[in-house]
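Reviewing the structure listed below.
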Amino acid sequence: MAGYLSEDDRKFVLRVITDQPDWRDGPARRHQLLDTWLRGDGRYADRARTLTGHMPLNNPDSAVADVLYGLLDAELARGVNALAFLLVRLTFQSFDDEDRIRKIAVDIGGPAIEAILPPLSNESRSTATPQTHSKPASSTPSAIAPDPIRILHLSDLHFTEATPWKARLQWLIQDLERGDDLGPVGRIDYLVVSGDFTDRGKEAGFTPAAEFVMALLAYLNLGPESCILVPGNHDVAEPDDAYVLNRDVTKLVPGIWIQQGNIYLKRNPAVYPLRFEPFNRCLFEPVTGRPYPLEVAEQGLVQSFFKGAYGLQFVALNSCWELDEFDRKHSGILPDAVAHALQKLDADEREALRKGDLASGAPVLQIGVWHHPVTGHEMMADTVFVDNLRQHGVRIGLHGDVHELRRDQVGYWHPKKMHIVGVGSFGSPHEGLREATPRHYNLIEIAADFQTVTVHTRQQRRADGPWEGWYDWPPSNGGSGRVSQYTISLDIVPANPAS
């Protein structure tokens, strides 16, 4: 395959990777999927034929490998990028001969690919030549203490088309592998990005942000299902006809119209939800492989992970649904979206219990994610949704927006208190930060017994400088000085909904 992929072809390959959960079900299923695409029975057929030609499928594994390596080779012609990372990751998840694939990938991509290859499995590790790291191994043997569940939490990227996202990725990886009082970090299980991917609503910023997130997922060896994304106020577009002229507002519901001088403007119900269309088209769907719902009542998304002995559920909410050009501070969560999410939490848990994916009585930790703060200055005006989440059992709330670290509790004296973990800006330009405020990200570690959560707080003092610990917390053992992490005590109890 000569040349490199067009933008449409890139989107097709990303959709193939992210939109086919059963792609990894084995050679027979992969062969069936590819055969379907090539023979014209399905929505991918035309694009697949364009990319591969009418390639014979005598050997299913080699046919799929040829497609992947052809695409990888074409992409590497223009330099290692997010799609190349994804293709390498998918290849490792799809084929068993890791040593052979590693050699082929290195032959194609050279040192740049070698440096980001996923770690070998235990079987391959015993016979393969040692490779440079993609992700550092845990420094604590699992026989001594089980690995915690790790969540990498970023927010407020504020990328523009000029943002050097590859450099930003490298500084982050460098900190995870070698950072003081942190690296090498073991396996990271989930990536959370709580909004403001672009800056000031500019669509061009979504592209580098999407490439950054996809490359980070590939480095972490995570699939798109392990990525939790919500929009921020800078991710809201402003369609010209989001409001229409209305002469009589006496019969209109309050909140859907505004007065400008002597005229009244009413939200255009056909256009107003499209304020999140660029966020979906340019970032959410390319990264996750699924569309972001434009119907606001459905913008309470749930991602559930059940591992037999425990469960973890994320509730992703849109706190920007009423932000527009006339009120950039109107943050809040639609009650219908909260209700939608809580129903889905229970439904997922019941299904997991029914299928045996969650043991009866096993603990389940629920984590909320949104953009705006619910405590302190610049908090949402209406935070009643937090009480509904807390009553349901959501124990941790993650947010960004204010470009500073936040540590707080809601319902302090209540047995179902919620711990608020706010993170600063990962990439805001200097003018978007308060005086002497660095950039931040958090690495969250949930103990295997679900009793404690450790939040590692990181800072970058100068743009494109090294990351380091944010030493602002008293030691948990009561000692002197300051440390770069704090610990939250949880008391997670079984709360399985009735079947």
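Bear in mind these aren't lab numbers, they're just calculated from the coordinates by the rules spelled out. The shown structure was predicted, so the numbers you read here are calculated from the model rather than taken from an experiment. Neighbour counts are summed over all protein chains in view; Cβ atoms, including those assigned to glycine, are modelled from backbone coordinates with ideal geometry.
So what are the ³J(HN,Hα) numbers for the stretch 205-217, from phi and the Karplus equation (6.51, -1.76, 1.60; θ = phi - 60°), rounded to whole Hz, Gly and Pro as x?
Along the stretch 205-217, the couplings run x, 5, 5, x, 5, 5, 5, 4, 5, 5, 5, 5, 4 Hz.
Pairs 202/329; 266/329; 307/344; 355/416; 355/417: which are spaced more than 24 Å apart, C-alpha to C-alpha? The partial results should precede the final answer.
Working: 202/329 18 Å; 266/329 19 Å; 307/344 18 Å; 355/416 28 Å; 355/417 30 Å.
Violating the 24 Å limit, Cα to Cα: 355/416; 355/417.
Return the sequence-ordered ³J(HN,Hα) values of the stretch 266-271 in whole Hz as given by the Karplus equation 6.51 cos²θ - 1.76 cosθ + 1.60 applied to θ = phi - 60°, using x for Gly and Pro.
10, 4, 8, x, 7, 10
Report the gain in length on full extension from residue 482 to residue 384: 0.36 nm times residue separation, minus Cα-Cα distance, nm rounded to one decimal. Let's see the in-between values first.
Values: separation 98, 0.36 × 98 = 35.28 nm, distance 3.45 nm.
Taking 0.36 nm per residue and subtracting the Cα distance, the gain is 31.8 nm.
Among 441-447, 402-408, 227-233, what's the highest-first ranking by average C-beta atoms within 10 angstrom per residue? Walk me through the numbers before you get to the answer.
Values: 441-447: 22.0, 402-408: 19.4, 227-233: 25.1.
Most protected by this proxy first, the peptides run 227-233, 441-447, 402-408.
Residue-wise, which Karplus ³J(HN,Hα) couplings in Hz belong to the stretch 161-171, taking 6.51 cos²θ - 1.76 cosθ + 1.60, θ = phi - 60°, and x for glycine or proline?
With the stated coefficients, the stretch 161-171 comes to 5, 8, 5, x, 5, 5, 5, 4, 5, 4, 5 Hz.
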